Amino acid sequence: MSDIYESAANSLGLFSSPCLTKVELRVTCKGIPDRDALSKPDPCFVLKMQSHGQWMEVDRTEVIRSCVNPTYSKVFTLDFYFEEVQRLRLELYDVNSSHNGLKEADFLGSLECTLGQIVSQRKLCKALLRPGGSVGKSIITITAEELTGNDDYIELSFSARKLDDKDFFSKSDPFLEIYRLNDDATMQLVYRTETVMNNLNPVWKTFKVSLNSLCSGDHERKLQCTVWDWDSNGKHDYIGEFEATFKEMRGAIDGRQVQWPCLNPKYRVKKKNYKNSGIVILNQCKIIKMHSFLDYIMGGCQIQFTVAIDFTASNGDPRNSCSLHYIHPYQPNEYLKALVAVGEICQDYDSDKMFPAFGFGAQIPPDYKVSHDFAVNFNEDNPECAGIQGVVEAYQACLPKLQLYGPTNIAPIIQKVANTASQEVHTKEAMQYFILLILTDGVITDMADTREAIVQASHLPMSVIIVGVGSADFSDMQMLDGDDGILRSLKGEPVLRDIVQFVPFRNFKHASPAALAKSVLAEVPNQVVDYYNSKGIKPKVPRQFGP
């Protein structure tokens with residue numbers, strides 16, 4: 001093992017702690033202030049988790065229009081580690097009605113706590129701190145529930161017919177809410193559909209909820225379902241309700257419809273010939289068996305790990321000690337530290353331990369033309385290196401032979417790996433999943449092509465990790481991470497899955513061991529599971545050992 005490789009591995013002292021349990025968090029808030037006298041806020045919460053001094057976005061709720069007391073149907077699912085202090089921050093934004101991103105949103109306040117505090121109390125109620133740090137009047141309630149082994153998902157498709165018309169000049173704008181009756185007699189919002197405008201016979205979009213969320217695995221638990229007529233001022237008109245159980249809903253598993261009369265208790269008392277305020281129909285109920293990351297890995301799925309290294313001139317002359325590519329005899333540079341940190345984790349899931357390594361942005365021998373996807377070992381027919389150590393050695397060996405150049409184009413390397421990953425799509429088996437690690441020192445110059453490449457790659461068994469090396473301004477990179485709304489190609493096509501994780505290495509310069517690897521790889525297991533579940537690809541049954 002080379003000294004540099006050993007030094008990087010030691011300085012990052014790699015470890016992994018298994019996730020013992022998952023926790024679901026639900027959020028409600030009361031008393032959000034009106035910042036605009038003419039309209040109520042359109043609130044959205046962003047959940048962040050602290051990773052070695054930096055707040056990283058984990059997820060966000062939906063935006064609820066014109067509402068000062070929102071109850072969100074979005075459920076946050078987090079891995080819970082008993083042995084770690086997992087710091088959380090919930091940030092409240094008033095989102096501009098014409099723009100769902102946070103760039104133009106007003107920041108209204110925040111709450112910081114630990115996941116342990118929420119789990120130990122089951123329900124945490126706290127006042128939000130206003131911008132500036134003073135205690136505000138808004139009270140946030142976070143409820144925690146452990147996900148049991150029963151992590152199947154249910155897919156439901158509802159419609160309704162002949163709903164009561166609540167509007168004078170047009171038809172009702174109905175939406176449906178499903179609440180679960182808890183053991184302590186409280187009601188928990190499970191799901192809120194979208195609003196179907198101007199329609200008394202709405203067909204709502206199919207949606208998925210975990211069986212745990214819907215009924216805590218109790219098929220006979222009561223569910224209260226309420227239909228409302230949406231109003232832009234937030235004062236929605238009540239149409240009616242019905243009670244159901246998951247046991248009843250299962251009647252729609254074979255494509256048979258299950259129906260409930262939607263009843264308004266006041267009308268039953270007032271109106272002599274009152275029958276109902278419409279019929280709600282469950283057209284389809286599907287149980288989706290959710291498989292875990294380990295199910296796929298133990299079933300033989302291999303992680304194919306590829307490295308791409310930035311050799312543009314902005315890195316500085318490798319012979320100069322100020323260069324990001326300078327090879328110090330005892331201290332690994334940032335490229336090597338990042339490569340070893342991420343590669344050491346990934347190589348455990350790759351049986352042949354052979355890793356393709358590419359470079360971009362350099363003039364390469366023999367004719368010194370600029371290339372954005374050349375093999376670091378200069379063997380275009382076989383760019384693979386033996387183990388992470390082999391990648392380190394190929395990187396060190398190629399530096400004196402290159403002329404650092406530019407520009408910083410990363411779309412070609414994404415497309416190169418995507419071409420290989422696309423061959424897996426036809427196999428219909430969970431055999432190979434591709435992770436591309438891009439190490440770069442600067443702002444990329446082919447952003448439009450890169451966005452297009454990522455959107456196309458989001459349809460493939462592939463994830464992209466970008467580590468920003470050095471002190472450049474990486475703000476543009478955050479867009480690729482999809483942290484501020486959904487990443488789209490220039491044509492407007494959205495990513496199918498969020499497959500990009502970006503981190504600046506400088507956030508981890510003084511971090512504890514393996515912090516970088518943990519941060520950039522945290523999303524990969526879910527990305528693997530999301531891909532195969534979305535394709536309906538089940539893991540292979542693990543091989544049975546023995547006679």
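Listed values, structure above:
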quantity	calculated
Single match in ALA357, ALA313, ALA341 (criterion: touching a strand residue (DSSP E or B) at 6+ places or on another chain (Cβ under 6 Å), crowded, with 22+ Cβ neighbours inside 10 Å and among the aliphatic types (A, V, I, L, M))	ALA357
Close pairs (6 angstrom Cβ cut-off, 6 or more residues apart or separate chains): at negative phi and open to solvent by less than 90 Å² (accessible area, probe 1.4 Å) in the range 520-547, modelled with pLDDT of 85 or more and polar (S, T, N, Q) anywhere	VAL520/GLN501; GLU523/GLN501; VAL524/SER463; GLN527/SER463
Which listed residue is within 30 Å of PHE168 (Cβ to Cβ), without any contact (Cβ under 8 Å) to a residue 12 or more places away in the chain, part of a loop (DSSP other than H, G, I, E, B) and basic (Lys, Arg), from LYS235, LYS275	LYS235
For ASP164: the one exception among (1) more than 18 Å from THR61 (Cα to Cα); (2) assigned to a loop (DSSP other than H, G, I, E, B); (3) at pLDDT below 90	(3)
One residue from ILE297, ILE287 being in contact with a strand residue (DSSP E or B) (Cβ under 9 Å, 6 or more places away or on another chain), under 26 Å from VAL203 (Cα atoms), open to solvent by 10 Å² or more (accessible area, probe 1.4 Å) and in contact (Cβ under 8 Å) with a residue 24 or more places away in the chain	ILE287
The range 67-106, subset in a loop (DSSP other than H, G, I, E, B) and modelled with pLDDT of 90 or more, residue nearest to ARG192 (Cα to Cα)	SER73
In the range 173-197, residue farthest from ARG122 (Cα to Cα) [restricted to those that are out of contact with any Phe, Trp or Tyr (no Cβ under 8 Å at 6 or more places or on another chain) and surrounded by 19 or more Cβ atoms within 10 Å (Cβ to Cβ)]	TYR179
Failed condition for GLU248, given (1) closer than 26 Å to SER73 by Cβ; (2) without any contact (Cβ under 8 Å) to a residue 60 or more places away in the chain; (3) touching a helix residue (DSSP H, G or I) at 6+ places or on another chain (Cβ under 9 Å)	(3)
Elements of type strands (runs of 3 or more DSSP E) in the range 347-425, at least 3 residues being within 31 Å of the chain's Cα centre (by Cα)	354-360
Checklist (1) surrounded by fewer than 22 Cβ atoms within 10 Å (Cβ to Cβ); (2) modelled with pLDDT under 90 applied to ASP381, failing item	(2)
Answer from ALA418, ALA430, ALA472, ALA448 - the residue that is open to solvent by less than 50 Å² (accessible area, probe 1.4 Å) and at pLDDT 95 or above	ALA418
Scope the range 487-501; condition surrounded by fewer than 21 Cβ atoms within 10 Å (Cβ to Cβ) and part of a strand (DSSP E or B); matching residues	ARG488, PRO494
Exclusive hit being touching a residue at least 40 places away in the same chain (Cβ under 8 Å), hydroxyl-bearing (Ser, Thr, Tyr) and assigned to a helix (DSSP H, G or I), set TYR335, TYR330	TYR335
Unmet criterion (only one of (1) at pLDDT 85 or above; (2) more than 30 Å from GLY442 (Cβ to Cβ); (3) open to solvent by less than 80 Å² (accessible area, probe 1.4 Å); (4) not in a helix (DSSP H, G or I)) for HIS325	(2)
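Quick grid of which residues meet (1) at pLDDT 95 or above; (2) out of contact with any helix residue (DSSP H, G or I) (no Cβ under 7 Å at 6 or more places or on another chain):
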site: SER210; (1), (2): no, yes
site: VAL227; (1), (2): yes, yes
site: SER232; (1), (2): no, yes
site: PHE242; (1), (2): yes, yes
site: ILE253; (1), (2): no, yes
site: ASN273; (1), (2): no, yes
site: ILE281; (1), (2): yes, yes
site: LYS289; (1), (2): no, yes
site: TYR296; (1), (2): no, no
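Residues checked against (1) basic (Lys, Arg); (2) within 30 Å of ARG506 (Cβ to Cβ); (3) in contact (Cβ under 8 Å) with a residue 60 or more places away in the chain:
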site: ILE413; (1), (2), (3): no, yes, yes
site: LYS428; (1), (2), (3): yes, no, yes
site: TYR433; (1), (2), (3): no, yes, yes
site: ILE438; (1), (2), (3): no, yes, yes
site: ASP446; (1), (2), (3): no, yes, no
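The values are calculated or read from the model by the stated rules, or taken from the named source; none is laboratory data. Being a predicted model, the structure only gives us computed values, none of them experimental. Ideal geometry is used to build each Cβ from the backbone, glycine not excepted, and the neighbour counts take in all protein chains shown. Areas reflect the complete protein model, heavy atoms only, side chains present, ligands, DNA and RNA absent. Shrake-Rupley method; radii C 1.70, N 1.55, O 1.52, S 1.80 Å.
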